[in-house]
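Student: A single structure is presented below for examination.
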Amino acid sequence: MLNGHAEGVIYCSERADPAFEGIVRGLGFGENSLHRIPSLDGRIDVFSMVRTVRRDRAAGLCPFLVVANAGAEDTGLVDNLILISQLCKSEGLWLHVDGSFGGCSSMTASGQKLIRGLAHADSLTLDLQWPFFQSQPLGCLLLCDSDGLDDTLRLPLHAAAADRETPGSTSCMKARSLWTALQSLGADAFRREIERRMRLADLAEAEIRKQARWHIVTRSQLGVVTFRLKPPGIAEPDADELQVILASAARRKGFRWLQSTRVKGRVVLRLSAAQADISEPDVRVTLEWLFRQSSKLDSAPGAPSRMRREDFEAADTI
């Protein structure tokens, strides 16, 4: 029950972290309280969400929360926060934005263009560890109205503040580390670093587009680009296996910024400059290695669909 109503309902993208169900249940909501909304080109289909919210309300349920994404970790794609905020306002829903992956990019001019509408969120979560070079995990929750947190947790704000300020506490030490970094280097230094990483993904996209067999799946956003090797004459399931093989071989090469993921039901390669210590030479070497691997398809025994793992995992000299 929620405020005397039937079961409260939370809405998120079908691509949201699978662990989200456990979080919702841990907060005391039923297993049917989380409704995943279909994606349209990797983002929440807002019009589908409108229909779902109204259908749920007509069925006697109590829609109350939408979780949108300010940068999906696998693609960097950002939900249409402006449209979602308009829906939340008209339907009386709380808008929470998960900015764990891309939220800090809004510090930059490029990030602000990609993450429009962030100011309309009722609450926002951020991961401050990698953008600010912190050695320990460091996150925060921001609210437009702090009274909402007090009312929800039934914890007086002065008590929460006193707890945070306890000398020697882990949270206090983390906060001091962040404050020291900002005081020493200034916010502009971190803005420049975030911009640099986003430009590396832009560079990768530009180089991949020059290759006939390689196809961009999602454009460079927030330091992430996804792409796929799809030679002519190879079936989609075999192409999926090809991406897995390449990602496995890349991992053995030490290219930790290159992984595989699924987008639109297909396996793709994901190059992320957002959360790795990566340079322009790293990007170029990685792409040159990938392009060499694709050339091995021409000399592979049989058809491209018969490529073996060992064909890609032979030791290459970087």
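The numbers here are math on the coordinates, done by the rules we state, and not lab data. These numbers were taken from a predicted model, which means no experiment stands behind them. Cβ coordinates were reconstructed from backbone atoms using ideal geometry, including for glycine residues, and neighbour counts include every protein chain displayed.
Student: Classify segment 1-99 from the C-alpha gyration tensor, please: rounded if a/c falls under 1.5, else prolate or oblate depending on whether a/b exceeds b/c.
Tutor: oblate
Student: Let me ask another. Mind listing the phi-derived Karplus ³J(HN,Hα) values for segment 256-272, rounded to whole Hz, using 6.51, -1.76 and 1.60 with θ = phi - 60°, and x for any glycine or proline?
Tutor: 6, 7, 10, 9, 10, 8, 10, 9, 6, x, 10, 7, 10, 8, 10, 9, 10
Student: Another question, if that's okay. For Lys174, give me every one of the lysines with a C-alpha distance below 17 angstrom, ignoring sequence neighbours fewer than eight places off in its own chain.
Tutor: List returned: none.
Student: Taking the highest mean first, how do the peptides 222-229, 78-85 order by number of other beta carbon atoms within 10 angstrom per residue?
Tutor: Per-residue mean Cβ counts within 10 Å order the peptides as 222-229, 78-85.
Student: Let me ask something additional. How would you rank 31-44, 180-193, highest first, on the average number of other Cβ atoms within 10 Å across their residues?
Tutor: 31-44, 180-193
Student: Quote the Stokes-Einstein diffusion coefficient, in whole µm² s⁻¹, for segment 189-313, based on the Kirkwood radius over alpha carbon pairs, a temperature of 20 °C and a viscosity of 1.002 mPa s.
Tutor: Value of D from the Cα-based Kirkwood radius: 146 µm²/s.
Student: Further, regarding this structure: In terms of modelled amide H atoms, which long-range or inter-chain residues lie less than 5 Å from the amide H of Leu77?
Tutor: Result for Leu77 returns Ala72.
Student: Let me ask another. Residues with beta-carbon under 10 Å from that of Gly76, excluding Gly76: net charge, scoring Lys, Arg +1 and Asp, Glu -1?
Tutor: Values: positive: Arg219, Arg270; negative: Glu73, Asp74.
Residues close to Gly76 contribute a combined charge of 0.
Student: Pull out a ≥ b ≥ c, the square roots of the eigenvalues of the alpha-carbon gyration tensor of segment 195-256, then state rounded if a/c is under 1.5, prolate if not and a/b is larger than b/c, and oblate in the remaining case. All intermediate terms of the calculation are to be shown ahead of the outcome.
Tutor: On the way: a/c = 2.42, a/b = 1.44, b/c = 1.68.
Oblate is the answer for segment 195-256, as a/c is 1.5 or above yet b/c matches or exceeds a/b.
Student: Name the lysines eligible as straight-distance cross-link partners of Lys296: C-alpha to C-alpha under 28 Å, and not fewer than 8 places from it in the same chain.
Tutor: Within the straight-line limit of under 28 Å, Lys296 reaches these lysines: Lys210, Lys230, Lys253, Lys264.
Student: Sorting check: for 264-274, 281-291, which peptide has the highest mean count of neighbouring beta carbons within 10 Å, and how do the rest follow? Before the final figure, lay out each step's value.
Tutor: Values: 264-274: 20.8, 281-291: 17.1.
Going from most to least packed, we get 264-274, 281-291.
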